[in-house]
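What follows is calculated from the coordinates using simple rules that are stated; it is not laboratory data. Please read all numbers here as calculations on a predicted model, not as lab measurements. Because the Cβ atoms are built from the backbone with ideal geometry, glycine has one as well, and the counts that use them run over all protein chains shown.
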Amino acid sequence: MIWVLAECKGNEPKAVTLEALGAGRLLAEPLNLPLCLILPGSNPASFARTFLRKADKIHLLEDPLLSTYANDAYKGAVTAFLKDKAVRALVVPGTSTGKDLGPLLSVSLRIPYSQNTVGIKVKEGDIHLSRRVYGGKIIETVTTADAKGGVIVSIMPRAFAEAADGKTDGTVVSAAAGLNEEALRIKVRGFVRETGQMDLTEAPVIVSGGRGVGSAEGFRLLEELAALLGGTVGASRSAVDAGWMPHTVQVGQTGRTVTPKLYLACGISGAPQHLAGMTGSKYVLAINRDPDAPIFKVADYGIVGDLHKVIPVLIEELKASGVAKVS
Amino acid sequence: MIVRRRRGILRTSKNVDIIVCLKRVPDTGARVEIEGTGVREEGLDWVLNPYDEFGVEEALKIKAAHGGKVTVITAGAPGGEDVLRKALAMGVDEAVYIKDAGLKGADDHGVSRVLAKAISRTPFDLILCGKQSTDAQAGYVGGALAGLLGIPLVSAIRELKISGKSFEAGREVEGGVETVEATLPAVLTAEKGLNEPRYPALAGIMRAKKQEIKYLDLPSLGINPEELENPLKRVSLTYPSIERKGKVLNADSGSIKEFAGFIKSII
Ligand SMILES: Cc1cc2nc3c(=O)[nH]c(=O)nc-3n(C[C@H](O)[C@H](O)[C@H](O)COP(=O)(O)OP(=O)(O)OC[C@H]3O[C@@H](n4cnc5c(N)ncnc54)[C@H](O)[C@@H]3O)c2cc1C
Ligand SMILES: Nc1ncnc2c1ncn2[C@@H]1O[C@H](COP(=O)(O)O)[C@@H](O)[C@H]1O
């Protein structure tokens, strides 16, 4: 069977779950296996409807101890649920949750783990997974050595299209999580939000700034542009190291890997460590005063000029053209 | 298991004995080229995985505050001495090198098993790993060690406070920091922002040159290299197509208008 583990924030499933289902479908259809969704939480039934047309079967893994993510509770529940079931693949979203949980499940379920997956193909019954290595400089394709062996597929956010609706509704069944509170050792105490309402890995548009922005105040201009486009602001390491922006918004090898629809790099030279985090974006645009800046090599469109002069004009142009926000 | 016995000791002792896992990786700025079914290793500059530097620094800070011993360990061949010496120069107490040609074909799971076997032979309170290695980018080994040793995992930490047997860690998650509490022994993986790694002082570099590295191999750990075979077979390595034939214009009112039009057309 092809399993997909839903990603929930608080008690709500997140949109990446639909991408994981899309990835799962790429396996389920050619392998002719049912696509099954595991929906954990304290009241997963209330979300099942969202996924009715997306999976053949939806398993509600219900327990008050699953209301917020903690790796030992999730690991315990998912392991107990899957351990006596056939697993050809288990797709998990490559978010902070999936990256935390995936390796733990790989050990407890005794199946290999493939991270940062950006491509899935089935060839003559074999699962081929393509993943980013060396900061995205190379794509490695792997297959399970044991032709029937299972694999945990952690997918890159936005690398796969969301699952389309199927013809019929899937069935919904409940499963016991069987958790014992005493055995849980990880206690989640709280969450402090550092970025705006939108996280970088979820933003459809990222306006990113580097050393060329010049100051923390300089980022206000980028924020204005980002807000106009319905996106959020990112930064290079130089801008983070200078203290202009928090590390949570750093893009690159030692920051976030982002894949928005539009990535606009302002005053960023395009060092390999920065490119490692953003070349998966659908469109890359750049503003830089140096015509030879490497960022232009990976950009679809570039403007050579001083960003402090270009961006205000750009904002006016966009306003004048009545630009609609990305949904 | 030693881990369990150690728990008893912890109640009476304030010391925190730490194991930091180190990996040698190509410099992140390096040009990585495909050669046959692998990457060309010749001519690459190798460094200590940047996330592991945060691990070493954190261990040294914990030692300064609580006392205890810091041991670094690396598995693989060859060249691991370099990263161990860097950590010794930073000030760690002991260095262990699991050097065995049989590790060449091992995947992350195999490496984790070997590390777990070696680590379980010494008493410890805390294992620090990097959030991920910059080459494999798997982020696997830390979690796998926690799973194999049966101890809690807190990944991608940016803050850490240890008091006695318990600790509180700030994990970097989408949009912010999540506070998690658990008890030692545990595995923590380091995210950027946890600390600023120190530069080794000259005296440290000189001392590190003379310090002894303890070598282990697979037979001494009772592991048969065949058990380490990778369950995922490599099919190919390719370059991603990231070169875009972009249009680059000089800034003037006309080109900015065109640029705005392009943005409008794609969003
Ligand atoms: C181990 C390691 C990990 C790293 N991880 C990351 C990472 O995760 N993310 C990351 O970004 N970097 C990372 N780096 C750093 C990386 O190598 C670069 O140093 C960094 O990306 C440079 O940032 P920058 O482009 O903002 O600055 P610079 O390289 O200084 O470029 C500034 C650019 O702004 C342009 N400019 C200046 N003024 C203006 C203006 N007024 N208008 C328009 N353009 C202007 C300049 O022409 C130049 O191209 C890492 C480095 C190492 C060694
Ligand atoms: N060969 C190795 N020897 C020792 N530690 C390792 C090795 N490989 C990975 N690690 C540790 O595991 C972390 C995550 O690596 P990875 O799972 O490869 O992304 C690294 O930052 C190291 O702390």
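Largest GNM mean-square fluctuation among A:Thr232, A:Thr168, A:Thr95, using chain A with Cα springs under 10 Å: A:Thr168. Computed over the alpha carbons of region B:15-55, Rg followed by Dmax gives 14.1, 49 Å.
Just how many % of Cα pairs in chain A lie over 37 Å apart, if you round to the nearest whole percent? Don't skip to the answer; put the middle values down first.
Values: 12745 of 53301 pairs.
Summing the P(r) of chain A above 37 Å gives 24 percent of all pairs.
Using alpha carbon coordinates only, what is the Rg to Rh ratio of the protein assembly as shown, with Rh defined as the Kirkwood radius? Please report the intermediate quantities before stating the final value.
Values: Rg = 24.1 Å, Rh = 24.9 Å.
Across the protein assembly as shown, the Cα-based Rg/Rh ratio is 0.97.
Can you pull the Kirkwood radius for region B:35-91, inverse mean 1/r over Cα pairs, to one decimal in Å? Walk me through the numbers before you get to the answer.
Values: mean 1/r = 0.0761 Å⁻¹.
13.1 Å is the Kirkwood radius here.
Phi angles of region A:298-303 translate, via the Karplus equation with coefficients 6.51, -1.76, 1.60 and θ = phi - 60°, into HN-Hα couplings of 10, 9, 7, 7, x, 10 Hz per residue; Gly and Pro are given as x.
When each full DSSP H helix of chain A is screened for a Cα extent of at least 18 Å along its own axis and an average Kyte-Doolittle hydropathy of at least -1.0, the helices passing are A:16-31, A:96-109, A:307-320. Taking the Cα atoms only, what angle lies between the long axis of helix B:108-119 and the longest principal axis of chain B, rounded to 10 degrees? Tilt of helix B:108-119: around 30 degrees. Here's how it looks for B:Val173: its modeled amide H is under 5 Å from those of B:Glu178, which are all 5 or more places away or on a different chain.
Computing Rg and the Kirkwood Rh from the Cα coordinates of region A:117-271 gives a ratio, Rg/Rh, of 1.08. Within the listed set B:Arg207, B:Arg31, B:Arg234, the Gaussian network model of chain B (springs between alpha-carbon atoms below 10 Å) gives the highest mean-square fluctuation for B:Arg234.
About its Cα centre, how strong a charge dipole does region B:2-228 have in debye, to the nearest 20, once Lys and Arg get +1 and Asp and Glu get -1 at the Cβ?
Details: 31 positive and 32 negative charges, 247 e Å.
Computed about the Cα centre, the dipole is about 1180 debye.
Rank-order A:267-280, B:215-228 by packing density, defined as the average count of other C-beta atoms within 10 Å over each peptide's residues, highest first. Spell out each step's value before the answer.
Values: A:267-280: 23.4, B:215-228: 14.6.
Per-residue mean Cβ counts within 10 Å order the peptides as A:267-280, B:215-228.
Counting Cβ atoms of other protein chains within 10 Å of each Cβ in A:72-85 and taking the mean gives 1.
DSSP beta bridges in chain A, what fraction antiparallel, as a percent rounded to 5?
Numbers: 14 of 61 bridges.
Expressed as a percentage, antiparallel bridges in chain A total about 25.
On the basis of the beta-carbon distance and an R0 of 25 Å, A:Ala227 and B:Phe262 show a calculated FRET efficiency of 0.80. Taking amide H as placed 1.01 Å from N in the peptide plane, the amide H of B:Gly68 sits under 5 Å from that of B:Val16, each at least 5 places away or on another chain. For region A:2-183, the calculated P(r) over all alpha carbon pairs, in 5 Å bins from 0 to the bin holding the longest distance, is 1, 9, 18, 23, 22, 15, 8, 3, 1, 0 percent.
What does the average come to when, for each residue of peptide B:129-141, you count the partner chain Cβ atoms lying within 10 Å of its Cβ?
Values: counts 0, 0, 2, 5, 1, 7, 5, 6, 11, 10, 9, 10, 1.
The shielding value for this peptide is 5.
Using the Kirkwood formula over every pair of different C-alpha atoms, what hydrodynamic radius in Å results for chain B? It is 20.4 Å. Taking only Cα atoms and a 10 Å spring cutoff, compute GNM fluctuations for chain A and point out the largest among A:Glu29, A:Glu19, A:Glu62. Sorting by GNM fluctuation, first place goes to A:Glu29. Once you reduce region B:56-118 and region B:170-243 to the center of their Cα atoms, the two points are 8 Å from each other.
When the convex hull of its Cα atoms is viewed from all sides, region B:101-252 shows a mean projected area of 16.1 nm².
Place a +1 charge on the Cβ of each Lys and Arg in region A:205-321 and a -1 charge on the Cβ of each Asp and Glu, then give the dipole magnitude about the Cα centre in debye, rounded to the nearest 20.
Working: 10 positive and 10 negative charges, 57 e Å.
With only Lys, Arg, Asp and Glu charged at Cβ, the dipole is about 280 debye.
Taking amide H as placed 1.01 Å from N in the peptide plane, the amide H of B:Val235 sits under 5 Å from that of A:Thr141, A:Val142, A:Thr143, each at least 5 places away or on another chain. Taking one equal scatterer on every alpha-carbon of region A:205-321, how large is log10 of I(q)/I(0) by Debye at q = 0.15 1/Å? Those come out to -0.55, one per q.
Between A:Thr50 and A:Ser67, the simple spin-label model (points 7 angstrom out along Cα→Cβ) gives 1.8 nm.
By the equivalent-ellipsoid construction on the alpha carbon gyration tensor, region B:101-185 comes out with semi-axes of 25, 18, 8 Å, ordered largest to smallest. Applying the Karplus relation 6.51 cos²θ - 1.76 cosθ + 1.60 with θ = phi - 60° to region A:183-194 yields 3J(HN,Hα) values of 7, 7, 10, 9, 10, 8, 9, x, 9, 10, 6, 10 Hz, where x marks Gly and Pro. What the phi angles of region B:200-217 give under the Karplus curve with 6.51, -1.76 and 1.60, with θ = phi - 60°, is a coupling list of x, 7, 4, 4, x, 5, 5, 4, 4, 4, 9, 5, 7, 9, 8, 9, 10, 9 Hz, glycine and proline written as x. The separation of region B:119-155 from region A:210-243, counted between C-alpha centres, amounts to 35 Å. Each helix, a run of at least 4 DSSP H residues, gives -39500 (n - 2.57); summed and divided by the residues of chain B, these come to -9500 deg cm²/dmol at 222 nm. Helix B:2-12 axis versus longest C-alpha principal axis of chain B: approximately 80°, rounded to the nearest ten. FRET efficiency for the A:Ala216 to B:Ala203 pair, using the beta carbon distance and R₀ = 41 Å, is estimated at 0.60.
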